Amino acid sequence: MKLPLTIHRARLGPAEFKVIRPARPPARAALSDGNWYLHVQVDQQAAQLLAGLWSLAATSPRSLVHVPLRRTDPETGGPGLDLVLLHHSLQFSPARWKELRARLGPGRPQTADLPGPASTDPAPDQWPQRHYQENRDRFHQHVHAGTLFMTGSAKLFADTAWLFADVAHKGSGHVFAHPGHRHYCTTLGPYGNLVGTGRGLHIVYRDQWPDP
């Protein structure tokens, strides 16, 4: 999977940060704060892009992956959020994001060649310790400055990229085959001991979007 990106660098005090953005943000995608989960709505192209960016976050532990998604929720009319994916080893505070974001220039174009998720289905669980209560390798979510931060390990990002690929590959077929029940979704939630702080993500395929 070839992914056009822009690479940005900016300093905050003595530290320099690298921020990666998709060169073309998804046109039909929205992220908003729901009642039980944070609500992600995507069409097929946006779901494929997010699967690739999730995989990129797994292979770029020294970078912040910023996905501009902030648009009015097409379902509720509520405000939207941007998304940042980052490795916990960066120890980046979301409270510093607004200042860092303001210092980012147009960036340098680059193309990443990503393998993407190995499958659109969950692989056999080769990491059963994540289900133990003592497991500490979980996503932590924070919302700050109109942005959702998903902080986790490389393995967590690699192991969960398939969720977006699943929606990309199966969402449109489900809608076509079930016109009376058009809802196709998956969740990244606390039930699998994948989220330590936060409420998880409800990822929904949406084929009908209002005009921009």
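The table for this structure:
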{"read-out": "Some residue of segment 151-171 being part of a helix (DSSP H, G or I), open to solvent by less than 40 Å² (accessible area, probe 1.4 Å), modelled with pLDDT of 90 or more and charged (D, E, K, R)", "value": "yes"}
{"read-out": "Near pairs, Cβ below 9 angstrom, 6+ apart or cross-chain, from segment 67-95 (over 15 Å from ALA29 (Cα atoms)) to any residue that is basic (Lys, Arg)", "value": "HIS87/ARG62; SER89/ARG62; LEU90/ARG62"}
{"read-out": "Positions within segment 50-74 being surrounded by fewer than 22 Cβ atoms within 10 Å (Cβ to Cβ), part of a loop (DSSP other than H, G, I, E, B) and not β-branched (Val, Ile, Thr), in sequence order", "value": "SER60, PRO61, ARG62, PRO68, ARG70, ASP73, PRO74"}
{"read-out": "Qualifying residues in segment 1-24 (those that are exposed (fewer than 11 other Cβ atoms within 10 Å of the Cβ) and touching a residue at least 40 places away in the same chain (Cβ under 8 Å)) - the one farthest from LEU104 (Cα to Cα)", "value": "LYS2"}
{"read-out": "Complete set of residues in segment 1-30 that are in contact with a Gly (Cβ under 6 Å, 6 or more places away or on another chain) and not in a loop (DSSP other than H, G, I, E, B)", "value": "LEU3, THR6, ILE7, HIS8, ALA30"}
{"read-out": "Segment 99-112 residues that are under 20 Å from LEU56 (Cα atoms) and surrounded by 15 or more Cβ atoms within 10 Å (Cβ to Cβ), paired with ones that are at pLDDT 95 or above and charged (D, E, K, R) (beta carbon under 7 Å, 6 or more apart)", "value": "GLY107/ARG21"}
{"read-out": "So VAL65, is it in contact with a Phe, Trp or Tyr (Cβ under 6 Å, 6 or more places away or on another chain) and at pLDDT 95 or above", "value": "no"}
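The values are calculated or read from the model by the stated rules, or taken from the named source; none is laboratory data. Because the structure is predicted, anything quoted here is derived from the model rather than measured. All Cβ positions, even for glycine, are placed from backbone atoms using ideal geometry, and neighbour counts span all protein chains on display. The protein model used for the area step is the full one, side chains on, heavy atoms only, and it has no ligands, DNA or RNA in it. Shrake-Rupley method; radii C 1.70, N 1.55, O 1.52, S 1.80 Å.
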